[in-house]
Amino acid sequence: MNDIESGPTPALEDASHARRHFLKFLSGSPLLMGSSASGLMAALAAALPGEVAAQSYDVLRAQAPKVGEIIEAPEHALNVMDFEPAAKKALAAAPAHWGYMATGVDDDSTLRANHEDFEKIRIKVRRLIDARNIDTRVQLFGTEYASPIFLSPVSSQRAFHPEAELAVARAAGAKKQLMVLSTSSNSAPADVARAHGMPIWFQLYPTDDWNVTQALIRRAEEAGAKAIVLTVDRQGGRNTETLFRARRVDTRQCMGCHTAGFSNEVARKPVFERLDVSHVTNLYGTGMTWEFVAKLRAATKAKVVLKGIMTRDDAVRALSAGVDGIIVSNHGGRAEASGQSTIGALPEVVAGARGKIPVLIDGGVRRGTDVFKALALGATAVGIGRPYCWGLAAFGQPGVATVLDILQREFETILRQAGATSLQQINPAMVAA
Ligand SMILES: Cc1cc2nc3c(=O)[nH]c(=O)nc-3n(C[C@H](O)[C@H](O)[C@H](O)COP(=O)(O)O)c2cc1C
């Protein structure tokens, strides 16, 4: 290991030599002509570490001040994982909130499987295909989005940043990416839709009071939500050990913000405003069956999407129940400790849906290559949860925007390597297990 304190090593001297050359080259570059050139040069000189600048698209990207440090600005991030420690640091005074974001269930094995199973899939690269123009647009229920990467519903985002869902909506809307808003949000659907600027989808927790549920559906419709996304993977309680451990070291008084009693806690969320929630004892629909899906289908003109389908049989059932779409999901490994990853379940769900309805997926997506793999295995769009929350917690809207930028850039990079210039060209033969 280099001991930086004891002076530059030969490798570091080489690096600073190369850096001087690079800066000299830049100073003569027509790219930097004009009044802002000296400012940009100064910024670059300050930003570049004592390392050889990479010969790739990240040449001009500012690096973190020292390798291994927690990033201090979104533009320091090299990948979306760089935001995770930054988010943890930003939430250092609120460890329970960090634990809430991070947790899976039991020993977090499903959470880990979600990402690890992406790594078991290989991508076949193709050569000599003109890949200068890449088109990542996707149509979902008649609306065109700029990218197949969407933002999965995450509850209570004010626990991560004061601007909560509105910051996320602005970042996603600016990039024309789909946002799915959680029932348990700290911002009202109409406000989020306005901040986004395109139709959002509304994630529905069914509650055990149909009057309340109907009111939620109406509010989502009034906000212009294109789809009602019914989450079906929260069957009763869950053992969120990572959260419980984090709570033990949180010295704040939870009841300073949270309220006792389930219905009171539900009532704090804007979408429940002025509704009588006194009969709501269960938000998640523990007793919910396919009959509820039929009831929901009949209760709205919006598209109905089931989130949490993990098997072929349930996909077949969903199709015959008349739903319009499926999201393969295990709640980011925070619903059950099955150990079954979503990417592992995707092919059988796609088979069950028989191309009749779009199949989306989320869980463990951390790289543009993960997005590609999911699309190759039949997904229409690919969701992220924690990564954009890391960006939100660490840096607010610019953090979310940079997370989306990084994933999109990585995705476009692998599209070029796979020789696919549009989503329609991606197919299962492009990946191998
Ligand atoms: C803190 C947190 C809160 C979540 N809240 C909801 C929710 O309210 N409704 C829902 O359907 N899914 C919820 N999810 C699950 C996400 O929609 C998504 O399925 C999951 O985060 C994807 O996995 P990833 O975090 O590995 O990207 C939540 C996830 C997290 C991390």
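Each reported figure results from applying straightforward, stated rules to the coordinates on display, with no laboratory input. Quick caveat, the model's predicted, so the values are computed rather than measured. Note that we place each Cβ from the backbone using ideal geometry, even for glycine, and neighbour counts take in every protein chain shown.
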For this session: Determine ³J(HN,Hα), in whole Hz, for all residues of the stretch 292-301 in sequence, where each value follows from phi through the Karplus function 6.51 cos²θ - 1.76 cosθ + 1.60 and θ = phi - 60°; x replaces Gly and Pro.
Result: 5, 4, 4, 5, 5, 3, 6, 8, 9, 8
For this session: Once you have the Cα-Cα distance between residue 210 and residue 126, take 0.36 nm times their residue separation minus that, and quote the gain in nm to one decimal.
Result: 24.9 nm
For this session: Extending each Cα 7 Å along its Cβ direction at residue 273 and residue 299, get the distance between those two points in nm, one decimal.
Result: 2.2 nm
For this session: Output the pairs from 88/226; 175/307; 89/373; 176/373; 269/307; 295/356 with a Cα-Cα distance over 29 Å in this structure; if there are none, say none.
Result: 88/226; 89/373
Problem set entry | For the stretch 115-190, with +1 on Lys and Arg beta carbons and -1 on Asp and Glu, the positive-most of 140, 154, 168 along the dipole | 140
Problem set entry | Built amide H within the under 5 Å cut-off of residue 183, gap 5+ | 203, 205
Exercise. For the stretch 95-432, what number results from the quotient of the Cα radius of gyration and 2.2 N^0.38 Å?
Worked result: 0.95
Problem set entry | In sequence order, calculated HN-Hα J values of the stretch 349-356 (Karplus, 6.51, -1.76, 1.60; Hz; x Gly/Pro) | 5, 4, 4, x, 7, 6, x, 7
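Starting with the highest mean, order 89-102, 320-333 by the number of other Cβ atoms within 10 Å, averaged over the residues of each peptide.
Values: 89-102: 19.2, 320-333: 23.1.
Going from most to least packed, we get 320-333, 89-102.
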